[in-house]
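Working notes for the structure below.
What follows draws every value from the coordinates through simple rules; no lab data is involved. In this text the structure is predicted, and so the values were computed from the model without any measurement. Methodologically, a virtual Cβ is constructed for each residue, glycine included, from the backbone with ideal geometry; neighbour enumeration extends over all protein chains shown.
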Amino acid sequence: MGGMKRIAVLLVVAAGVAAVGVAGWAESQEPEISLEGVVDLHFHTGPDSRPRSVDDIEASRLAAAAGMRAILLKNHFTMTADRAAIAMGQVDGLEIFGGLVLNRAVGGINPEAVRQMATFSGGRGKVVWLPTFDSEYAATSSGSDGPYVSILEDGEPLPAVLEVFELLAEHDLTLAMGHSAPGEVLRLIPEAKRLGVQRILVTHVFSQGATLEQMREMAEGDAIMEIDWLAVYGGGRSIDDYVSAIRALGAEAFFMSSDLGQAGNPVHADGLRAYVRAMLDAGITEAEIDIMARRNPARLLGLDPW
Ligand SMILES: [Zn+2]
């Protein structure tokens, strides 16, 4: 990268930090929230077929400048293990991971796509998501009559799903539940564990419509449930929904993520600062934030405890 470009990036970062500092001071009269050690497992970036505000490298630089520990690049339609490996070579002081979402763009539940990702150079592929936008649950609950990707048939996991679970176990990858129905998640957790999957995350559990009782069962199955800032920022959820679930099940059952990167929304680090502030204002303790924003997401990537 040329010297001029590097200076431009640094100026943008400095301007961003200054703007946040001023706004934070005006609103709260309190010091800025530290993202030191924070891990964001829901990190959208460009290039994408949906509009994104920052690309892999820009977003990684902003996360590193904010002191974050690790990010997981997420794209609904293409693998990010390769992009994470390239970003790792361009950005210091940040662990950058990628994965694969099993939507129709990669052939749906396609074990061969998982097998290839797991052996890509750089070794940054860490998470495989079950279908998101193309999930049967997403399609049928939105009333769409478009094609979708099933994971169960007559209540039983499809053979390709079990093959994917075996690959996750073999390569020590993390299973993410995508936009599956809560009932599907509960059906698949014991299957994944039986086949040796070590780490399971439940994608934005509130947006998937899980009840508190279903969340309790997921937690009892050792899955860690995502609570994302986008749902609150976008108005779909209130922070109090999250707080009451944390009070009922314990912070150990959850991890916080941004789910940001969309054009027009705040960048990840700014969203995460607002999220931590909102949690603290709602009575969540610093120790609970540590569990949900640092320890649990690090565990889900197989990183050492923070
Ligand atoms: Zn997302």
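Key figures for this structure:
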{"read-out": "Among Leu175, Leu272, Leu94: highest mean-square fluctuation, GNM of the chain, C-alpha pairs under 10 Å", "value": "Leu94"}
{"read-out": "Simple Cβ-charge dipole of the chain, Lys/Arg +1 and Asp/Glu -1, about Cα centre, in debye nearest 20", "value": "780"}
{"read-out": "Under 14 Å, Cβ to Cβ, from Ser244 - net charge with Lys/Arg +1 and Asp/Glu -1", "value": "-1"}
{"read-out": "Rounded to 5, the percent of DSSP beta bridges in the chain classed as antiparallel", "value": "10"}
{"read-out": "Length gained when the stretch Asp240-Gln262 is fully extended (0.36 nm per residue, less Cα-Cα span)", "value": "5.5 nm"}
{"read-out": "Residue-count net charge about Val197 - beta-carbon cut-off 12 Å; Lys, Arg +1, Asp, Glu -1", "value": "-2"}
{"read-out": "Sparsely packed chymotrypsin sites (Phe, Trp or Tyr not before Pro) within segment 32-108, loop by DSSP, other Cβ within 10 Å at most 15", "value": "Phe77"}
{"read-out": "Helix 268-281 vs. the chain, principal-axis angle (Cα, 0 to 90°, nearest 10)", "value": "90"}
{"read-out": "Neighbour-count order for Ile284, Ile151, fewest beta carbons within 10 angstrom listed first", "value": "Ile284, Ile151"}
{"read-out": "Rounded FRET efficiency, nearest 0.05, which uses the C-beta distance separating Thr285 from Glu36 and R0 of 25 Å", "value": "0.90"}
{"read-out": "Relative contact order (%) - criterion: Cα under 8 Å, at least six apart; region: the chain", "value": "17"}
{"read-out": "Neighbour-count order for Leu303, Leu72, fewest beta carbons within 10 angstrom listed first", "value": "Leu303, Leu72"}
{"read-out": "Label point distance in nm, Glu217-Arg194, each placed 7 Å from Cα along Cα→Cβ", "value": "1.5"}
{"read-out": "Gyration tensor (alpha-carbon) shape descriptor, segment 36-300, a/c threshold 1.5", "value": "rounded"}
{"read-out": "Spin-label model distance (nm) - Ala105 vs Glu252, 7 Å beyond Cα toward Cβ", "value": "3.8"}
{"read-out": "Rounded to 10°, Cα long-axis angle of helix 159-171 versus longest principal axis of the chain", "value": "50"}
{"read-out": "Order of Arg237, Arg216 under a 10 Å beta carbon neighbour criterion, fewest first", "value": "Arg216, Arg237"}
{"read-out": "Cβ-based net charge around Val127, under 10 Å, with every Lys or Arg adding one and every Asp or Glu removing one", "value": "+3"}
